[in-house]
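Chemist: Got a structure for you, questions after.
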Amino acid sequence: MLASNSVVKTQAVIGLSVFIIGIWLAMQTGQRIAADDFRSIEFAVMAVAACAVALTIVRNWRTGFYMFLTWLLFEDLVRKYLGNNMAIYFAKDILVGLVYASFLIEVRRKHLKLFRSAFFPFLWLFVWFGAVQIFNQNSPHLLYGLLGFKLYFYYIPLMFVSYALIRTDEDLRKFLLVNISLAGVISAIGIAQAILGHSFLNPTNLAPELKDLGELDRTSPITHQVLSLPTAVFVSSGRFGFYILVAVIMTCGAAAYLLLSTSKYHKWVFTVIALVGGASIFSGSRGSVTFGAASVIILSIGFMWGAPWRWQQAHRMVKAIRNGILVLAIGFTLIFVIFPEEIAPRIAFYTESLNPNSDASEVGNRAWSYPIRNLMGALSEPNWIVGSGIGTASLGGQYVAKLIGRPPLDIWVEEGYGVLIVEMGIAGPFIWLLWTGALVWCGFTVMRRLRQTRFFPIAFAMWWYIFVLLFPLTYGGMSAYQNFVTNMYLWLFVGILFRLPEMQAAVPSYFDDSAVKKPNRRGYMLPQPQTIPQEQIY
(Lines give C-alpha, C1' and ligand atoms only; values in the text may rest on other atoms or scores of the structure.)
Protein backbone atom coordinates (compact mmCIF):
# COMPACT_ATOMS: atom_id res chain seq x y z
CA MET A 1 0.00 0.00 0.00
CA LEU A 2 2.86 2.36 0.84
CA ALA A 3 4.45 1.62 -2.55
CA SER A 4 1.15 2.22 -4.30
CA ASN A 5 0.69 5.57 -2.54
CA SER A 6 4.23 6.58 -3.50
CA VAL A 7 3.57 5.82 -7.16
CA VAL A 8 0.33 7.80 -7.09
CA LYS A 9 2.09 10.81 -5.51
CA THR A 10 4.90 10.64 -8.07
CA GLN A 11 2.43 10.52 -10.97
CA ALA A 12 0.52 13.45 -9.47
CA VAL A 13 3.71 15.52 -9.22
CA ILE A 14 4.66 14.68 -12.80
CA GLY A 15 1.18 15.50 -14.04
CA LEU A 16 1.12 18.83 -12.21
CA SER A 17 4.58 19.71 -13.53
CA VAL A 18 3.58 18.92 -17.12
CA PHE A 19 0.42 21.01 -16.68
CA ILE A 20 2.37 24.01 -15.35
CA ILE A 21 5.00 23.75 -18.12
CA GLY A 22 2.23 23.47 -20.72
CA ILE A 23 0.52 26.62 -19.39
CA TRP A 24 3.86 28.47 -19.42
CA LEU A 25 4.62 27.37 -23.00
CA ALA A 26 1.14 28.39 -24.14
CA MET A 27 1.59 31.85 -22.59
CA GLN A 28 5.01 32.29 -24.16
CA THR A 29 3.73 31.16 -27.54
CA GLY A 30 0.76 33.52 -27.32
CA GLN A 31 3.01 36.45 -26.47
CA ARG A 32 5.30 35.68 -29.43
CA ILE A 33 2.34 35.42 -31.81
CA ALA A 34 0.88 38.68 -30.52
CA ALA A 35 4.23 40.37 -31.14
CA ASP A 36 4.55 38.79 -34.63
CA ASP A 37 7.72 37.06 -33.42
CA PHE A 38 7.35 33.83 -35.37
CA ARG A 39 11.11 33.38 -35.66
CA SER A 40 11.38 32.51 -31.94
CA ILE A 41 8.58 29.95 -32.30
CA GLU A 42 10.35 28.37 -35.27
CA PHE A 43 13.59 28.12 -33.31
CA ALA A 44 11.76 26.55 -30.38
CA VAL A 45 10.10 23.96 -32.63
CA MET A 46 13.44 23.08 -34.21
CA ALA A 47 15.08 22.78 -30.79
CA VAL A 48 12.36 20.37 -29.63
CA ALA A 49 12.73 18.36 -32.85
CA ALA A 50 16.51 18.20 -32.44
CA CYS A 51 16.15 17.03 -28.84
CA ALA A 52 13.69 14.33 -29.94
CA VAL A 53 16.10 13.10 -32.60
CA ALA A 54 19.00 13.16 -30.14
CA LEU A 55 17.06 11.12 -27.56
CA THR A 56 16.10 8.59 -30.23
CA ILE A 57 19.73 8.23 -31.27
CA VAL A 58 20.83 7.65 -27.68
CA ARG A 59 18.15 5.01 -27.14
CA ASN A 60 18.52 3.23 -30.49
CA TRP A 61 21.28 4.30 -32.86
CA ARG A 62 19.82 2.31 -35.77
CA THR A 63 16.52 4.18 -35.70
CA GLY A 64 18.30 7.41 -34.84
CA PHE A 65 20.54 7.03 -37.87
CA TYR A 66 17.58 7.36 -40.25
CA MET A 67 16.34 10.40 -38.37
CA PHE A 68 19.81 11.96 -38.69
CA LEU A 69 19.82 11.13 -42.42
CA THR A 70 16.48 12.87 -42.94
CA TRP A 71 17.60 15.85 -40.86
CA LEU A 72 20.79 16.23 -42.90
CA LEU A 73 18.95 16.25 -46.24
CA PHE A 74 16.31 18.76 -45.12
CA GLU A 75 18.51 20.91 -42.90
CA ASP A 76 19.13 23.51 -45.60
CA LEU A 77 15.39 24.06 -46.05
CA VAL A 78 15.05 25.00 -42.38
CA ARG A 79 18.21 27.09 -42.46
CA LYS A 80 16.87 29.17 -45.35
CA TYR A 81 13.79 30.11 -43.35
CA LEU A 82 15.74 30.84 -40.16
CA GLY A 83 18.14 33.33 -41.70
CA ASN A 84 21.09 30.98 -42.27
CA ASN A 85 21.46 30.38 -38.54
CA MET A 86 24.73 28.54 -37.90
CA ALA A 87 23.25 26.62 -34.96
CA ILE A 88 21.03 24.81 -37.48
CA TYR A 89 24.03 24.21 -39.74
CA PHE A 90 26.03 22.48 -37.00
CA ALA A 91 23.06 20.53 -35.59
CA LYS A 92 23.69 17.65 -38.00
CA ASP A 93 27.27 17.36 -36.77
CA ILE A 94 26.06 17.06 -33.19
CA LEU A 95 23.50 14.43 -34.19
CA VAL A 96 26.00 12.33 -36.13
CA GLY A 97 28.36 12.68 -33.17
CA LEU A 98 25.66 11.10 -31.00
CA VAL A 99 25.33 8.30 -33.58
CA TYR A 100 29.08 7.69 -33.29
CA ALA A 101 28.92 7.66 -29.49
CA SER A 102 25.97 5.24 -29.36
CA PHE A 103 27.64 3.05 -31.94
CA LEU A 104 30.91 2.93 -29.97
CA ILE A 105 29.03 1.94 -26.81
CA GLU A 106 27.62 -1.05 -28.71
CA VAL A 107 31.08 -1.90 -30.00
CA ARG A 108 32.56 -1.82 -26.49
CA ARG A 109 29.83 -4.16 -25.34
CA LYS A 110 31.02 -6.49 -28.11
CA HIS A 111 27.60 -6.41 -29.77
CA LEU A 112 29.10 -5.09 -33.01
CA LYS A 113 32.34 -5.56 -34.90
CA LEU A 114 34.36 -3.17 -37.03
CA PHE A 115 35.44 -4.08 -40.50
CA ARG A 116 38.96 -3.77 -41.86
CA SER A 117 40.30 -3.45 -45.36
CA ALA A 118 43.58 -3.16 -47.19
CA PHE A 119 42.96 0.52 -48.03
CA PHE A 120 42.91 1.56 -44.34
CA PRO A 121 46.67 2.28 -43.96
CA PHE A 122 46.55 4.69 -46.94
CA LEU A 123 43.41 6.38 -45.61
CA TRP A 124 44.88 6.81 -42.13
CA LEU A 125 48.02 8.28 -43.73
CA PHE A 126 45.87 10.94 -45.37
CA VAL A 127 44.03 11.58 -42.09
CA TRP A 128 47.36 12.00 -40.26
CA PHE A 129 48.65 14.31 -42.98
CA GLY A 130 45.48 16.40 -42.75
CA ALA A 131 45.78 16.61 -38.96
CA VAL A 132 49.34 17.91 -39.31
CA GLN A 133 48.12 20.54 -41.79
CA ILE A 134 45.85 22.04 -39.13
CA PHE A 135 49.00 23.52 -37.61
CA ASN A 136 50.56 24.65 -40.89
CA GLN A 137 52.64 27.75 -40.19
CA ASN A 138 51.18 29.47 -43.27
CA SER A 139 47.58 29.13 -42.05
CA PRO A 140 46.17 32.49 -40.93
CA HIS A 141 44.09 30.98 -38.11
CA LEU A 142 43.53 27.65 -36.35
CA LEU A 143 39.80 27.77 -37.17
CA TYR A 144 40.60 27.26 -40.87
CA GLY A 145 42.38 24.04 -39.99
CA LEU A 146 39.52 22.78 -37.84
CA LEU A 147 37.03 23.60 -40.61
CA GLY A 148 39.10 21.74 -43.20
CA PHE A 149 39.60 18.70 -40.96
CA LYS A 150 35.84 18.50 -40.42
CA LEU A 151 35.07 18.75 -44.14
CA TYR A 152 37.57 16.07 -45.12
CA PHE A 153 37.30 13.55 -42.29
CA TYR A 154 34.30 14.01 -39.98
CA TYR A 155 32.01 11.60 -41.85
CA ILE A 156 34.59 8.82 -42.29
CA PRO A 157 33.22 6.85 -39.26
CA LEU A 158 29.94 6.51 -41.13
CA MET A 159 31.49 3.62 -43.07
CA PHE A 160 31.71 1.66 -39.81
CA VAL A 161 28.16 2.68 -38.91
CA SER A 162 26.70 1.57 -42.26
CA TYR A 163 28.73 -1.66 -42.17
CA ALA A 164 27.07 -2.54 -38.85
CA LEU A 165 23.67 -1.15 -39.88
CA ILE A 166 23.20 -3.50 -42.85
CA ARG A 167 23.01 -7.10 -41.62
CA THR A 168 20.35 -8.75 -43.81
CA ASP A 169 18.47 -8.24 -47.05
CA GLU A 170 15.71 -6.62 -45.04
CA ASP A 171 18.14 -4.03 -43.64
CA LEU A 172 19.47 -3.30 -47.11
CA ARG A 173 15.98 -2.96 -48.56
CA LYS A 174 15.02 -0.59 -45.74
CA PHE A 175 18.08 1.57 -46.35
CA LEU A 176 17.43 1.74 -50.09
CA LEU A 177 13.70 2.39 -49.78
CA VAL A 178 14.19 5.19 -47.25
CA ASN A 179 16.80 6.85 -49.43
CA ILE A 180 14.99 6.53 -52.74
CA SER A 181 11.78 7.78 -51.09
CA LEU A 182 13.64 10.86 -49.87
CA ALA A 183 15.12 11.22 -53.37
CA GLY A 184 11.63 11.09 -54.88
CA VAL A 185 10.35 13.83 -52.56
CA ILE A 186 13.36 16.09 -53.11
CA SER A 187 13.24 15.55 -56.89
CA ALA A 188 9.53 16.43 -56.99
CA ILE A 189 10.21 19.62 -55.03
CA GLY A 190 13.05 20.51 -57.42
CA ILE A 191 10.82 20.00 -60.47
CA ALA A 192 8.05 22.12 -58.93
CA GLN A 193 10.51 24.89 -58.10
CA ALA A 194 11.92 24.87 -61.63
CA ILE A 195 8.40 25.29 -63.01
CA LEU A 196 6.96 27.73 -60.45
CA GLY A 197 10.11 29.79 -59.88
CA HIS A 198 12.37 30.67 -56.97
CA SER A 199 9.45 31.77 -54.80
CA PHE A 200 8.35 28.17 -54.28
CA LEU A 201 9.65 26.83 -50.92
CA ASN A 202 11.99 29.78 -50.57
CA PRO A 203 11.57 32.64 -48.10
CA THR A 204 10.77 36.06 -49.51
CA ASN A 205 14.04 37.49 -48.17
CA LEU A 206 16.96 35.09 -48.18
CA ALA A 207 20.00 35.79 -46.01
CA PRO A 208 22.50 37.93 -47.97
CA GLU A 209 25.11 35.15 -48.06
CA LEU A 210 22.50 32.72 -49.47
CA LYS A 211 20.77 35.03 -51.92
CA ASP A 212 23.31 34.59 -54.71
CA LEU A 213 23.26 30.80 -54.23
CA GLY A 214 19.50 30.35 -53.96
CA GLU A 215 18.24 32.65 -56.72
CA LEU A 216 20.53 31.88 -59.62
CA ASP A 217 19.48 32.15 -63.27
CA ARG A 218 21.36 31.06 -66.37
CA THR A 219 21.11 32.07 -69.99
CA SER A 220 21.63 29.83 -73.01
CA PRO A 221 24.75 31.15 -74.80
CA ILE A 222 23.31 31.42 -78.33
CA THR A 223 19.53 31.89 -78.12
CA HIS A 224 19.78 33.77 -74.79
CA GLN A 225 16.88 31.96 -73.17
CA VAL A 226 16.71 32.41 -69.39
CA LEU A 227 16.30 29.43 -67.05
CA SER A 228 16.04 29.47 -63.27
CA LEU A 229 18.16 27.01 -61.32
CA PRO A 230 16.14 25.14 -58.67
CA THR A 231 17.59 24.47 -55.24
CA ALA A 232 14.78 22.18 -53.96
CA VAL A 233 15.41 21.71 -50.21
CA PHE A 234 19.03 22.89 -50.38
CA VAL A 235 20.56 26.35 -50.16
CA SER A 236 22.22 26.18 -53.58
CA SER A 237 21.56 24.75 -57.02
CA GLY A 238 25.03 23.18 -56.99
CA ARG A 239 24.22 21.05 -53.93
CA PHE A 240 20.94 20.03 -55.57
CA GLY A 241 22.80 18.99 -58.73
CA PHE A 242 25.26 16.87 -56.73
CA TYR A 243 22.42 15.21 -54.85
CA ILE A 244 20.56 14.36 -58.05
CA LEU A 245 23.66 12.55 -59.33
CA VAL A 246 23.72 10.48 -56.12
CA ALA A 247 20.01 9.76 -56.57
CA VAL A 248 20.42 8.65 -60.21
CA ILE A 249 23.13 6.12 -59.35
CA MET A 250 21.40 4.90 -56.19
CA THR A 251 17.95 4.40 -57.74
CA CYS A 252 19.38 2.52 -60.73
CA GLY A 253 21.25 0.12 -58.45
CA ALA A 254 18.25 -0.23 -56.12
CA ALA A 255 15.88 -1.03 -59.00
CA ALA A 256 18.08 -3.85 -60.30
CA TYR A 257 18.75 -5.28 -56.82
CA LEU A 258 15.08 -5.23 -55.81
CA LEU A 259 14.05 -6.89 -59.08
CA LEU A 260 16.39 -9.80 -58.30
CA SER A 261 15.54 -10.11 -54.62
CA THR A 262 11.85 -9.33 -54.16
CA SER A 263 8.61 -8.82 -56.07
CA LYS A 264 7.68 -5.72 -54.03
CA TYR A 265 8.37 -2.01 -54.48
CA HIS A 266 9.03 -2.17 -58.25
CA LYS A 267 6.37 0.41 -59.18
CA TRP A 268 7.56 2.84 -56.52
CA VAL A 269 11.20 2.52 -57.55
CA PHE A 270 10.44 3.15 -61.21
CA THR A 271 8.30 6.14 -60.22
CA VAL A 272 11.28 7.57 -58.37
CA ILE A 273 13.49 6.90 -61.40
CA ALA A 274 11.12 9.05 -63.48
CA LEU A 275 11.14 11.83 -60.87
CA VAL A 276 14.93 11.78 -60.54
CA GLY A 277 15.36 11.81 -64.33
CA GLY A 278 13.01 14.78 -64.60
CA ALA A 279 14.81 16.61 -61.79
CA SER A 280 18.13 16.04 -63.55
CA ILE A 281 16.81 17.75 -66.70
CA PHE A 282 15.23 20.60 -64.74
CA SER A 283 18.30 21.12 -62.53
CA GLY A 284 20.11 23.25 -65.10
CA SER A 285 23.35 21.52 -64.08
CA ARG A 286 25.44 20.29 -67.00
CA GLY A 287 27.48 18.10 -64.67
CA SER A 288 24.38 16.43 -63.28
CA VAL A 289 23.03 15.75 -66.78
CA THR A 290 26.28 14.50 -68.33
CA PHE A 291 27.45 12.39 -65.39
CA GLY A 292 23.90 11.15 -64.84
CA ALA A 293 23.48 10.05 -68.46
CA ALA A 294 26.94 8.45 -68.52
CA SER A 295 26.17 6.65 -65.24
CA VAL A 296 22.91 5.20 -66.60
CA ILE A 297 24.73 3.83 -69.65
CA ILE A 298 27.68 2.40 -67.69
CA LEU A 299 25.46 0.93 -64.99
CA SER A 300 23.30 -0.77 -67.62
CA ILE A 301 26.36 -2.34 -69.22
CA GLY A 302 27.76 -3.30 -65.82
CA PHE A 303 24.50 -4.91 -64.71
CA MET A 304 24.51 -7.10 -67.80
CA TRP A 305 28.15 -8.04 -67.19
CA GLY A 306 27.40 -9.17 -63.64
CA ALA A 307 23.96 -10.69 -64.22
CA PRO A 308 23.45 -14.32 -63.08
CA TRP A 309 23.53 -15.81 -66.60
CA ARG A 310 24.14 -19.41 -65.51
CA TRP A 311 20.91 -19.48 -63.54
CA GLN A 312 18.80 -17.94 -66.32
CA GLN A 313 18.19 -14.71 -64.41
CA ALA A 314 19.75 -12.39 -66.98
CA HIS A 315 16.37 -11.82 -68.60
CA ARG A 316 15.20 -10.22 -65.34
CA MET A 317 18.11 -7.79 -65.53
CA VAL A 318 17.28 -7.02 -69.17
CA LYS A 319 13.70 -6.41 -68.08
CA ALA A 320 14.85 -4.01 -65.34
CA ILE A 321 17.01 -2.04 -67.79
CA ARG A 322 14.24 -1.98 -70.37
CA ASN A 323 11.64 -0.81 -67.87
CA GLY A 324 13.97 1.86 -66.54
CA ILE A 325 14.64 3.27 -69.99
CA LEU A 326 10.92 3.09 -70.82
CA VAL A 327 9.98 4.96 -67.65
CA LEU A 328 12.56 7.66 -68.36
CA ALA A 329 11.30 8.01 -71.94
CA ILE A 330 7.70 8.35 -70.78
CA GLY A 331 8.70 10.85 -68.09
CA PHE A 332 10.66 13.02 -70.53
CA THR A 333 7.80 12.88 -73.05
CA LEU A 334 5.30 14.07 -70.44
CA ILE A 335 7.62 16.89 -69.43
CA PHE A 336 7.96 18.08 -73.03
CA VAL A 337 4.20 17.89 -73.60
CA ILE A 338 3.00 19.43 -70.33
CA PHE A 339 5.76 22.00 -69.67
CA PRO A 340 7.18 23.00 -73.08
CA GLU A 341 7.92 26.60 -72.08
CA GLU A 342 9.78 25.58 -68.92
CA ILE A 343 11.85 22.81 -70.50
CA ALA A 344 12.77 24.61 -73.75
CA PRO A 345 15.37 26.98 -72.19
CA ARG A 346 17.05 24.06 -70.45
CA ILE A 347 17.28 21.95 -73.58
CA ALA A 348 18.68 24.96 -75.43
CA PHE A 349 21.24 25.52 -72.68
CA TYR A 350 22.38 21.88 -72.74
CA THR A 351 22.55 21.53 -76.50
CA GLU A 352 24.26 24.88 -77.10
CA SER A 353 26.91 24.40 -74.41
CA LEU A 354 27.48 20.62 -74.61
CA ASN A 355 27.32 19.99 -78.35
CA PRO A 356 30.95 19.81 -79.57
CA ASN A 357 29.88 21.33 -82.91
CA SER A 358 28.25 24.34 -81.26
CA ASP A 359 30.00 27.70 -81.41
CA ALA A 360 29.38 28.08 -77.68
CA SER A 361 30.45 24.57 -76.71
CA GLU A 362 32.03 24.34 -73.24
CA VAL A 363 33.07 20.69 -73.48
CA GLY A 364 36.72 21.22 -74.31
CA ASN A 365 37.10 24.16 -71.95
CA ARG A 366 35.44 22.51 -68.92
CA ALA A 367 36.99 19.10 -69.53
CA TRP A 368 40.59 20.25 -70.00
CA SER A 369 41.51 23.92 -70.47
CA TYR A 370 39.76 25.40 -67.44
CA PRO A 371 40.82 22.73 -64.89
CA ILE A 372 44.41 22.70 -66.11
CA ARG A 373 44.55 26.48 -65.98
CA ASN A 374 43.38 26.38 -62.37
CA LEU A 375 45.88 23.62 -61.55
CA MET A 376 48.70 25.76 -62.96
CA GLY A 377 47.34 28.66 -60.92
CA ALA A 378 47.71 26.57 -57.76
CA LEU A 379 51.35 25.91 -58.61
CA SER A 380 51.93 29.66 -58.92
CA GLU A 381 50.87 30.25 -55.29
CA PRO A 382 53.78 31.27 -53.01
CA ASN A 383 53.16 28.41 -50.55
CA TRP A 384 52.68 25.61 -53.12
CA ILE A 385 55.48 23.45 -51.63
CA VAL A 386 54.09 23.08 -48.08
CA GLY A 387 50.63 24.60 -48.59
CA SER A 388 48.71 27.25 -46.69
CA GLY A 389 46.99 24.82 -44.33
CA ILE A 390 43.96 22.57 -44.60
CA GLY A 391 40.70 24.49 -44.88
CA THR A 392 42.15 27.67 -46.32
CA ALA A 393 40.71 26.97 -49.79
CA SER A 394 37.71 24.90 -48.67
CA LEU A 395 33.96 25.46 -48.59
CA GLY A 396 32.80 27.65 -45.72
CA GLY A 397 35.98 29.70 -45.49
CA GLN A 398 33.92 32.90 -45.69
CA TYR A 399 32.23 32.05 -42.39
CA VAL A 400 35.57 31.59 -40.67
CA ALA A 401 36.77 34.93 -42.06
CA LYS A 402 33.61 36.60 -40.78
CA LEU A 403 34.02 34.99 -37.36
CA ILE A 404 37.63 36.11 -36.89
CA GLY A 405 36.99 39.54 -38.38
CA ARG A 406 39.30 39.28 -41.38
CA PRO A 407 38.67 39.48 -45.14
CA PRO A 408 38.12 36.15 -46.93
CA LEU A 409 41.23 34.44 -48.31
CA ASP A 410 41.69 34.74 -52.06
CA ILE A 411 43.61 31.52 -52.75
CA TRP A 412 40.80 29.24 -53.95
CA VAL A 413 41.05 27.42 -57.31
CA GLU A 414 38.38 25.44 -59.16
CA GLU A 415 40.28 22.18 -59.59
CA GLY A 416 40.41 19.46 -56.97
CA TYR A 417 44.10 18.60 -57.07
CA GLY A 418 44.89 22.30 -57.24
CA VAL A 419 42.97 22.82 -53.98
CA LEU A 420 45.03 20.06 -52.37
CA ILE A 421 48.24 21.80 -53.48
CA VAL A 422 47.04 25.15 -52.14
CA GLU A 423 46.06 23.66 -48.78
CA MET A 424 48.51 20.79 -48.23
CA GLY A 425 51.37 21.47 -50.58
CA ILE A 426 52.75 19.43 -53.45
CA ALA A 427 52.52 16.18 -51.45
CA GLY A 428 48.75 16.56 -51.04
CA PRO A 429 47.63 15.26 -54.46
CA PHE A 430 49.96 12.24 -54.29
CA ILE A 431 48.69 11.15 -50.87
CA TRP A 432 45.13 11.73 -52.10
CA LEU A 433 45.70 9.54 -55.17
CA LEU A 434 47.28 6.88 -52.97
CA TRP A 435 44.30 6.40 -50.64
CA THR A 436 41.59 6.97 -53.25
CA GLY A 437 43.26 4.52 -55.64
CA ALA A 438 43.54 1.93 -52.86
CA LEU A 439 39.86 2.38 -51.92
CA VAL A 440 38.62 2.11 -55.50
CA TRP A 441 40.75 -0.97 -56.16
CA CYS A 442 39.67 -2.75 -52.96
CA GLY A 443 36.06 -1.84 -53.71
CA PHE A 444 36.42 -3.23 -57.22
CA THR A 445 37.69 -6.58 -55.92
CA VAL A 446 34.73 -6.78 -53.53
CA MET A 447 32.27 -5.84 -56.27
CA ARG A 448 33.77 -8.38 -58.71
CA ARG A 449 33.37 -11.18 -56.14
CA LEU A 450 29.62 -10.48 -56.10
CA ARG A 451 29.11 -11.22 -59.78
CA GLN A 452 26.32 -13.71 -60.49
CA THR A 453 24.57 -12.72 -57.23
CA ARG A 454 21.56 -10.60 -56.36
CA PHE A 455 23.87 -8.10 -54.63
CA PHE A 456 25.93 -7.26 -57.71
CA PRO A 457 23.76 -4.40 -59.08
CA ILE A 458 23.78 -2.40 -55.85
CA ALA A 459 27.47 -3.21 -55.26
CA PHE A 460 28.37 -2.00 -58.76
CA ALA A 461 26.27 1.17 -58.34
CA MET A 462 27.94 2.02 -55.02
CA TRP A 463 31.40 1.29 -56.37
CA TRP A 464 30.69 3.46 -59.42
CA TYR A 465 29.60 6.36 -57.22
CA ILE A 466 32.78 6.06 -55.14
CA PHE A 467 34.89 6.15 -58.31
CA VAL A 468 33.00 9.08 -59.85
CA LEU A 469 33.23 11.22 -56.71
CA LEU A 470 36.89 10.54 -55.96
CA PHE A 471 38.22 10.90 -59.50
CA PRO A 472 36.20 12.71 -62.22
CA LEU A 473 34.32 15.02 -59.83
CA THR A 474 37.44 15.72 -57.78
CA TYR A 475 39.28 16.61 -60.98
CA GLY A 476 36.55 19.20 -61.60
CA GLY A 477 36.77 20.65 -58.09
CA MET A 478 37.09 19.68 -54.44
CA SER A 479 33.62 21.05 -53.63
CA ALA A 480 32.04 17.73 -54.65
CA TYR A 481 33.98 15.83 -51.97
CA GLN A 482 33.65 18.57 -49.36
CA ASN A 483 29.89 18.86 -49.82
CA PHE A 484 28.41 17.21 -46.72
CA VAL A 485 25.64 15.41 -48.69
CA THR A 486 27.89 13.72 -51.23
CA ASN A 487 30.57 13.08 -48.60
CA MET A 488 28.08 11.37 -46.31
CA TYR A 489 26.88 9.05 -49.07
CA LEU A 490 30.48 8.22 -50.01
CA TRP A 491 31.24 6.73 -46.60
CA LEU A 492 27.83 5.11 -46.24
CA PHE A 493 28.32 3.32 -49.56
CA VAL A 494 31.85 2.25 -48.60
CA GLY A 495 30.61 0.49 -45.47
CA ILE A 496 27.68 -1.20 -47.23
CA LEU A 497 29.80 -2.31 -50.19
CA PHE A 498 32.28 -4.10 -47.93
CA ARG A 499 29.42 -5.65 -45.95
CA LEU A 500 27.71 -7.31 -48.94
CA PRO A 501 30.11 -10.30 -49.34
CA GLU A 502 29.42 -11.39 -45.76
CA MET A 503 25.68 -11.16 -46.35
CA GLN A 504 26.03 -13.18 -49.52
CA ALA A 505 28.08 -15.87 -47.80
CA ALA A 506 25.58 -16.11 -44.95
CA VAL A 507 22.41 -16.54 -47.03
CA PRO A 508 23.16 -17.35 -50.69
CA SER A 509 20.20 -17.47 -53.04
CA TYR A 510 19.50 -20.44 -55.27
CA PHE A 511 20.97 -18.85 -58.36
CA ASP A 512 24.26 -17.58 -56.85
CA ASP A 513 27.50 -19.10 -58.12
CA SER A 514 29.10 -18.34 -54.77
CA ALA A 515 26.84 -20.97 -53.20
CA VAL A 516 28.96 -23.69 -54.78
CA LYS A 517 31.10 -25.37 -52.13
CA LYS A 518 34.62 -24.17 -52.78
CA PRO A 519 37.29 -22.34 -50.78
CA ASN A 520 37.46 -18.57 -50.97
CA ARG A 521 40.68 -16.55 -51.00
CA ARG A 522 41.21 -17.00 -47.27
CA GLY A 523 40.74 -20.77 -47.47
CA TYR A 524 37.35 -20.93 -45.75
CA MET A 525 34.65 -23.10 -47.23
CA LEU A 526 31.61 -21.14 -48.34
CA PRO A 527 28.28 -22.49 -47.10
CA GLN A 528 26.01 -24.75 -49.15
CA PRO A 529 22.92 -23.19 -50.74
CA GLN A 530 20.18 -22.67 -48.20
CA THR A 531 16.44 -22.46 -48.55
CA ILE A 532 15.30 -18.89 -48.28
CA PRO A 533 11.81 -17.36 -48.35
CA GLN A 534 10.16 -17.18 -51.74
CA GLU A 535 9.79 -13.39 -51.58
CA GLN A 536 13.53 -13.06 -51.08
CA ILE A 537 14.14 -14.91 -54.35
CA TYR A 538 11.58 -13.13 -56.45
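Chemist: Please work out if residue 407 is surrounded by fewer than 23 Cβ atoms within 10 Å (Cβ to Cβ), more than 25 Å from residue 244 (Cβ to Cβ), modelled with pLDDT under 95 and of a type outside the set (A, V, I, L, M, F, W, C).
Modeler: Here the answer is yes, as residue 407 does meet what is asked.
Chemist: Which one of these is outside the structural domain of residue 351 (by TED's automatic domain parsing), out of contact with any His (no Cβ under 9 Å at 6 or more places or on another chain) and not polar (S, T, N, Q): 416, 364?
Modeler: That would be 416, the only listed residue that is outside the structural domain of residue 351 (by TED's automatic domain parsing), out of contact with any His (no Cβ under 9 Å at 6 or more places or on another chain) and not polar (S, T, N, Q).
Chemist: Further question on the same structure: Within the stretch 183-217, which residues are more than 21 Å from residue 88 (Cα to Cα) and touching a helix residue (DSSP H, G or I) at 6+ places or on another chain (Cβ under 6 Å)?
Modeler: Passing the criteria: 183, 184, 187, 188, 190, 191, 194, 195, 200, 216.
Chemist: On the given criteria, is residue 385 part of a loop (DSSP other than H, G, I, E, B), under 19 Å from residue 135 (Cα atoms) and not charged (D, E, K, R)?
Modeler: yes
Chemist: Sticking with this one: Could you tell me whether residue 175 is in a helix (DSSP H, G or I), free of Cβ contacts under 8 Å to residues at least 60 places away in the same chain, aromatic (Phe, Trp, Tyr) and on the phi < 0 side of the Ramachandran plot?
Modeler: Considered against the rule, which asks whether it is in a helix (DSSP H, G or I), free of Cβ contacts under 8 Å to residues at least 60 places away in the same chain, aromatic (Phe, Trp, Tyr) and on the phi < 0 side of the Ramachandran plot, residue 175 comes out as no.
Chemist: With the requirement that a residue be under 23 Å from residue 429 (Cα atoms) and among the small types (Gly, Ala, Ser), what does the stretch 101-149 give you?
Modeler: Of everything in the stretch 101-149, those that are under 23 Å from residue 429 (Cα atoms) and among the small types (Gly, Ala, Ser) turn out to be 117, 118, 130, 131, 139, 145, 148.
Chemist: Ok, one more. Among 462, 488, which is the only one that is more than 20 Å from residue 122 (Cβ to Cβ) and touching a residue at least 24 places away in the same chain (Cβ under 8 Å)?
Modeler: 488
The values are calculated or read from the model by the stated rules, or taken from the named source; none is laboratory data. Small disclaimer: the values here were computed from a predicted structure and weren't measured. Heads up, the Cβs are rebuilt from the backbone with ideal geometry, glycines too, and the neighbour counts pull from every protein chain shown.
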